1. Quickly run through region 214-266 and pick out the residues that are within 17 Å of the chain's Cα centre (by Cα), assigned to a strand (DSSP E or B) and hydrophobic (A, V, I, L, M, F, W, C).
2. Condition test on residue 92, is it within 30 Å of residue 379 (Cα to Cα), in a strand (DSSP E or B) and open to solvent by 30 Å² or more (accessible area, probe 1.4 Å)?
3. If a residue has to be assigned to a loop (DSSP other than H, G, I, E, B), open to solvent by less than 40 Å² (accessible area, probe 1.4 Å) and closer than 16 Å to residue 156 by Cβ to count, how many in region 114-139 make the cut?
4. Name the pairs: first residue in region 50-78 and closer than 17 Å to residue 128 by Cα, second residue in a loop (DSSP other than H, G, I, E, B) and open to solvent by less than 10 Å² (accessible area, probe 1.4 Å), Cβ to Cβ under 6 Å, at least 6 apart or on different chains?
5. Hey, can you tell me all the residues within region 79-109 that are of a type in the set (D, E, K, R) and without any contact (Cβ under 8 Å) to a residue 40 or more places away in the chain?
6. What strands (runs of 3 or more DSSP E), lying completely within region 286-377, carry at least 3 residues that are open to solvent by less than 10 Å² (accessible area, probe 1.4 Å)?
7. So, in region 188-215, exactly how many residues are open to solvent by less than 30 Å² (accessible area, probe 1.4 Å), modelled with pLDDT under 90 and more than 18 Å from residue 153 (Cα to Cα)?
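The values are calculated or read from the model by the stated rules, or taken from the named source; none is laboratory data. Everything numeric here is computed off the predicted structure, so don't read it as measured data. For neighbour counting, all protein chains shown are included, and Cβ atoms are generated from backbone atoms with ideal geometry for every residue, glycine included. Note: areas computed on protein heavy atoms with side chains; ligands, DNA, RNA excluded. Shrake-Rupley method; radii C 1.70, N 1.55, O 1.52, S 1.80 Å.
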Amino acid sequence: MKRMHTSRRGGLSTLVRCAMGFSCALLGPEALGQERTNRGALSVRLEVDRTFPLTVTAVRGVRELSDGSVLALVREPRTIVIFDSTGRSQRSIGRQGDGPGEYRGPKAIFALGGDSSLVVDGTNRKWYLLDRDKFATFRPSSDAWQPVLSSGVDARGTLLQMVGLFSSDNPRQAWLADPLPQFSKRIALVLRTLDGKTQIIDTVTGQFFGSIDGRITMNGRSVYYVGIVNPLQTHDQAVMFASGEIAIAHFSPYRVDWRARDGVVRRGPPVGEPVVAVTPAIKRRFADDWKRNDDGTPMLGLDGFPPWPAVVPPFLDDALVAGADGLLYVTRTRSTTTEKLVVDVFDQSGTRTGTAILPAGCRLLAVTSRGWYVAQRNEDDEETLVRYRRVK
C-alpha cells in the first residue's frame, strides 16, 4: 500500500485573480484602526518590485544569488530555472534523468556558503550540490526518505530534519520511526551532516488526532487510501538558518522558540490574539479543498476525516520560512475569516515584531535582502513568481 500525503502551505488553495500591480497596505489603519497591533507588532507594508516571466503549475523553491540572479525550482515541467539579475532572461539548468547533473523532482533548495546551494530531489532521493548554476556533485541517500525531510541547512551543509516517532517515550528510537512527521504524535529534530552523521537535539509535539485508513472513491474508482488526516491538523515545526540557529514554532500556545548553535534555547512569549472556532462552514471549506476528483468534486465529506479540532490552529504544514535577514516568517492558517496570505515575523528572541498581508492565492517562498519572493496563483490555477519589496 502506498502512503499518500497532500501538503499545502497555509491552508486553502483559493483560485483567485491577483493583480500584479497590487500594492499591499498590510494591516494598515483600514484593517486595524491603528498603526500597531494590540500586541505591539508593526504592520509591514509591501509593494510589487518584480514579476518574473514564469507561469507554471507550481514554484517549489527560490534561491537568490549574490549578483541578484535567481534560481527557481519548478513543478510541471520539473526543472530548475535561472533568471539573470534583471529578472527577464531565463534558462534551464541540468536536465531530467538519473545521472550526475540530472534530476527527477527538485523539491527544495537551500543556501550554503557563497553562491553554493543544496538541492533536494524528492523523486530521485538525492542531494545535489550546486555551485552557482553548475552541478558540482550529488549524493544518493542510503535511506530513501531522508532527503525529503530537509527543514533547512546551515552554511556548513548540516541539515535539519523532522522525523516522526512511533513512540513518544524513547527519543533514541528515532530510527524505528515514521518518516512523515504529519502522522506522528511526537517528532524528533535531527541534525544530519552530508557524510551521514546524525544527532537528535530535541523532540516536539506532533499532530492533533493522528490518521486513519479507509476506502475512498477517486475519479469513480474505489481506492484504499493510507494516511487520511484532518485538513486542520497541525504539528510543531522547525527550520534551520544559515547561521546554524533553529527556530521552533509551537501551535499550542502559539509561540516561537529559538535554539542557538550552542544548544541554548530562548523561549518566546505566547502570541495572544482572538481564537477562531472551527465552525461547520470552516469544516466544509477545508474538507472540500483536501483532495478533489478530476471533475472538481471533493473526495471526502466532513465525516470522512479524523475528529476536527475545536479551534483553527495558528499555522498548518510547511508554514515556516527562514529569512536571509535572520528573521522567521510564519504563514498563518487561512480560513473563512482570513482568505488573504497573513505572515507573522519573529525576531531571534521569539517576539513577533511584524505582520504582513498579501493577496489571496499567494505562497511565501523566500525572504532576502532584495525582497519577499512569492508564488502568486492566477484564475487558471497556475503560479507566477513575484518579488515584493518592503516599503519604509
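1. Across region 214-266, the qualifying residues are 238, 239, 240, 246, 247, 248, 249, 251, 256.
2. Considered against the rule, which asks whether it is within 30 Å of residue 379 (Cα to Cα), in a strand (DSSP E or B) and open to solvent by 30 Å² or more (accessible area, probe 1.4 Å), residue 92 comes out as yes.
3. In the first step, residues of region 114-139 are kept if they are assigned to a loop (DSSP other than H, G, I, E, B); the result is 114-115, 122-125, 132-133.
Keeping just the survivors that are open to solvent by less than 40 Å² (accessible area, probe 1.4 Å) gives 115, 122, 124, 133.
With closer than 16 Å to residue 156 by Cβ added as a condition, the list becomes 115.
Selection size over region 114-139: 1.
4. Partner pairs satisfying both residue conditions: 78/105.
5. 84, 88, 91, 95, 98, 102, 104
6. In region 286-377, 328-331, 341-346, 352-358, 362-368, 371-377 are the strands (runs of 3 or more DSSP E) which contain 3 or more residues that are open to solvent by less than 10 Å² (accessible area, probe 1.4 Å).
7. Total satisfying the criteria: 4.
Condition check ((1) hydroxyl-bearing (Ser, Thr, Tyr); (2) out of contact with any helix residue (DSSP H, G or I) (no Cβ under 7 Å at 6 or more places or on another chain); (3) surrounded by fewer than 18 Cβ atoms within 10 Å (Cβ to Cβ)) across all residues:
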{"position": "226", "(1), (2), (3)": "no, yes, yes"}
{"position": "229", "(1), (2), (3)": "no, no, no"}
{"position": "234", "(1), (2), (3)": "yes, yes, no"}
{"position": "246", "(1), (2), (3)": "no, yes, no"}
{"position": "254", "(1), (2), (3)": "yes, yes, no"}
{"position": "258", "(1), (2), (3)": "no, yes, no"}
{"position": "268", "(1), (2), (3)": "no, yes, no"}
